[in-house]
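The values are calculated or read from the model by the stated rules, or taken from the named source; none is laboratory data. Not measured: the values here are computed from a predicted model. With ideal geometry, Cβ positions are generated from the backbone for all residues, glycine too; neighbour counts draw on all protein chains shown. These area figures cover heavy atoms from the full protein model, side chains too; ligands, DNA and RNA do not enter into them. Shrake-Rupley method; radii C 1.70, N 1.55, O 1.52, S 1.80 Å.
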Amino acid sequence: MKNNNLFAALHAAFPTDLDRTAIETADGPGAPLYYRWRDLERGTAMLANLLRSLDLPAGARIAVQTEKSVEALMLYLAVLRAGYVYLPLNTAYQAGEIEYFIGNAEPSVVVCSGRNFGWVSKLAFKAGTRNVFTLNDDRSGSLLDRAALMSDRHEVAQRSDDDLAAILYTSGTTGRSKGAMLTHANLLSNALMLKDYWGWRADDVLIHALPIFHVHGLFVASHGALLAGAKMIWFAKFDARKVIERLPEATVFMGVPTLYVRMLAEPGLSRQSCAHMRLFIAGSAPLLLETFNEWTARTSHTILERYGMSETVMLSSNPYDPAQGERRGGTVGLPLPGVGLRIRDDKGHPLPAGEIGHIEVKGPNVFKGYWRMPEKTADDFTTDLWFKTGDVGKIGSDGYVTIVGRSKDLIISGGYNVYPAEIEGYVNEMPGVAESAVIGVPHADFGEAVVAVVVRKPGAALDGATIGAELKTQIANFKVPKAVFVVDDLPRNAMGKVQKNLLREQHKALFTG
Ligand code: MLC
Ligand code: AMP
C-alpha cells in the first residue's frame, strides 16, 4: 500500500549519496556544523523512535517552542515520520499565550528550551501533558539525550492523505487563536507543485534564514530544499550582512519583505554578490513596489512574489519561467497549478475580471478546518466549500492576482500577524482604561507597525509608556505596540463604530518620516 505520509516523499527524495552535506550552519554557537543527509536520516529515525516509545495515542499533538536549530527541524521531520501531529509555536510567545495553545491543543508531548522548562512544564503538566522535553540550540537537552538511546532505524508510519500532519495556530478576529489543521496531502501536494513551478534542482543551495514555526520557513523553504535533495545554508537568526556574504555560494533565497528591505540597506548587496543566485522569493506580507524595483536595480534579479497563508499554504505565485509570463511587481502572480482562486462581492456573488472583492480559494492545499472549532470553520467556508481568505483583491483578465487589502482586521508586521482585537483585549483589562483601538500604520522596516490609541477613564492617570511596558510582560514582543497614545475619546461614525481609518490617517507618518 502506498504510504501518503509527507515524510515518505521527503525521504524518498534524499540523494543516493547520503554523505553529501544537507545542511550547513551559518551562525549559532561554535564553528559551522555540517549535517549530512545520513545525519537527517538517522536523527529523524532516533527521534521518531523516541516518540514511538512514549506510547502516544493516535493523532497525538507534539507542541514545540524552541530556538531555531537543525535538531528542531529534525524534530519536525521525526513527528511526521512517526505519524503524529506537529504544533510549532513562535519563540516570542509568553506564558499566557502558551497556556492557551497547550490548553486548546492538549498536546501529548511538549518540547521547550531548557531556560523555559520551569514555567512551560508547569503549564503543560497542569493541562495534562505527560511528556515535557527540552531542546536547546547547542544540541543539549533531554530530548536529544533520550533520543541518543534509541535505534537509528525506523520504518516511516503509514499515513493517508487526510491524516493531520500539523496544526498551525493563527490569530482570530475575535482575539482567540484558531488551530489550522493541515493534512499530509495539503502539505505534500503544495510542495510537489512548487518544486516544479519554481524549478527546484538538486544543485540548488537555499539560504534558510526564516523562523521555522510558520508556513514560510517550516514548509515552503524547508520542503522545497528537501524535496529537491538540495543543500541549505542555515541561519538561526536573520542578519542582512551575513546573509549577503553567503549569497555567492547560494542559488535560492526566501524572505518576508522586511528581509529584503534590510538587505537593500547593506552596501555589500550588489550585482556581483548575487551573480550566482537563481531565485529570490518574497511573501507573507505585501512587498512594496519600491522594494521590488530597487532590488532589480541593485542586483539585476527580479523578486518573485507569492501569496500564501497558514490555512492554505501557497495560493498564487509570479511565474518562475518567463515563458509563463513576467514577474509583475505589486501583484502576487497567477493562481498556482491546481489551486482555484475567485473573487466574490459582499453578498457572495461572482465579480468580473479586474473588480475588487473577497478572495476565495479551493484546492488540495486548503486545510481541513480549525481544531475543535466547527462553527468557525463553517463560517469561513462558502456553501460550495470555497475558503474565504479574508483578503481583498482582484484578478485581472490576464489572470494576475493583486491583493489590495484585508476584510479581516489584521496587521502584518515584519511577516508576523497581529490581531488588533487580541491586543485591545489586553489593554482594556488594564486599570484606568475605558477602551482602546489598535491599528497598523506604515513602518519603513516592518511594513506595518502596531499602534494603540487608548481612552482613559475619567480622572485616571495613564501613560503610554507604562501601558507598553505592561504589555511587554504579557504578550509576544512583536505584538507590543511601537507607540501608545492616551486620548479622551475615539472617533466614531453615526452608527457608533470606531473609525480606525481616521486613526490610521492621523498616525500614518509616525514611522516613515
Ligand atoms: C522583531 N521585532 C518585531 C518583529 N520582529 N517587531 C515587530 N514586528 C516584527 N516582525 C522587535 C522585537 O519585538 C524586539 O523589540 C526587536 O524587534 C528585536 O527583536 P529581534 O527578534 O532581535 O528582531 P529581529 O531578529 O530583527 O527580527 C525581525 C525579523 C523577524 C524580520 C527578522 O520578525 C522575522 O523573522 N520575521 C519573519 C516572520 C515570518 O517568518 N513570517 C512568515 C509567516 S507565514 P524589543 O522592543 O522587544 O527589543 C505566512 C504565510 C505566507 O505569513 O504566505 O508565508
Ligand atoms: P498567516 O495567517 O500568518 O499565514 O498570514 C496569511 C496572510 O498573509 C494572508 O491572508 C495575507 O493577508 C498575507 N500575505 C501572505 N503573502 C502575501 C503577499 N505576498 N502579499 C500580501 N499579503 C500577503
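Compute the FRET efficiency between ARG153 and ASP398 as 1/(1 + (r/R0)^6), taking r as their Cβ-Cβ distance and R0 = 51 Å, and round to the nearest 0.05. Walk me through the intermediate numbers first.
Working: r = 52 Å, r/R0 = 1.03.
Once the sixth-power term is evaluated, E becomes 0.45.
So between THR16 and LYS2, what do we pick up on full extension, going 0.36 nm a residue minus the alpha carbon distance?
Values: separation 14, 0.36 × 14 = 5.04 nm, distance 2.10 nm.
Gain on extension, THR16 to LYS2, equals 2.9 nm.
Taking amide H positions as placed 1.01 Å from N in the peptide plane, with prolines and chain starts having none, which residues 5 or more places from VAL64, or on another chain, fall under 5 Å of its amide H?
Those lying under 5 Å, H to H, from VAL64 are LEU87, LEU89, VAL111.
At 1.4 Å probe radius, can you tell me the per residue accessible area of region 331-406 in Å²?
Accessible area per residue: 48 Å².
Suppose each label sits 7 Å from its Cα in the direction of the beta carbon; what would the ASP55-VAL487 distance come out to in nanometres?
6.0
With the contact rule set at Cα under 8 Å and sequence spacing of 6 or more, what percent relative contact order holds for region 331-406?
37
Using amide H atoms built in the peptide plane, which far-off residues or other-chain residues are under 5 Å from VAL132 H to H?
VAL110
Counting only other residues whose beta carbon sits under 10 Å from that of PHE235, what net charge do I get with K and R as +1, D and E as -1? Don't jump to the answer; show the numbers that get you there.
Working: positive: LYS68, LYS237, LYS242, ARG246; negative: ASP27, ASP239.
Taking every other residue near PHE235 into account, the sum is +2.
Rounded to the nearest 20 Debye, what is the dipole magnitude of the chain about its Cα centre when Lys and Arg each give +1 and Asp and Glu each give -1 at the C-beta?
Values: 54 positive and 55 negative charges, 58 e Å.
Dipole size: approximately 280 debye.
For a quick check: with amide H placed at 1.01 Å from N, whose amide H comes under 5 Å from HIS443's, ignoring anything fewer than 5 positions away on the same chain?
Here GLU448, ALA449 satisfy the definition.
Evaluate the distance, in nm, between pseudo-label points positioned 7 Å from the Cα of TYR34 and of GLN94 along their respective Cα→Cβ axes.
4.4
Can you tell me how region 200-288 classifies by the Cα gyration tensor, rounded, prolate or oblate, using a/c under 1.5 as the rounded cut?
It is oblate, given that a/c is not under 1.5 and a/b is not larger than b/c.
For PHE381 and SER142, what does the FRET efficiency come to when R0 = 35 Å and r is the distance between their Cβ atoms, rounded to the nearest 0.05?
So the FRET efficiency works out to roughly 0.25.
Order GLU155, GLU106, most accessible first, counting only protein heavy atoms with a 1.4 angstrom probe. Don't jump to the answer; show the numbers that get you there.
Details: GLU155 150, GLU106 90 Å².
Result of the area sort, largest leading: GLU155, GLU106.
With θ set to phi - 60° and the Karplus curve 6.51 cos²θ - 1.76 cosθ + 1.60, what are the ³J(HN,Hα) couplings of region 61-72 in order, to the nearest whole Hz, using x for Gly and Pro?
8, 10, 8, 9, 10, 9, 5, 5, 7, 5, 5, 5
Would you work out the relative contact order for the chain, in percent, from Cα pairs under 8 angstrom that are 6 or more residues apart?
Computed over the chain, the figure is 12 percent.
Each residue of region 192-199 in order: what ³J(HN,Hα) in whole Hz does its phi give by Karplus 6.51 cos²θ - 1.76 cosθ + 1.60, θ = phi - 60°, with x for Gly and Pro?
My calculation for region 192-199 gives 5, 5, 5, 4, 6, 5, 9, x Hz in order.
If you restrict to DSSP beta bridges whose two residues both lie in region 234-367, what percentage is antiparallel, to the nearest 5?
If I count the DSSP bridges inside region 234-367, around 65 percent turn out antiparallel.
When only Cα pairs under 8 Å and 6 or more residues apart are kept, what is the percent relative contact order across region 450-513?
36
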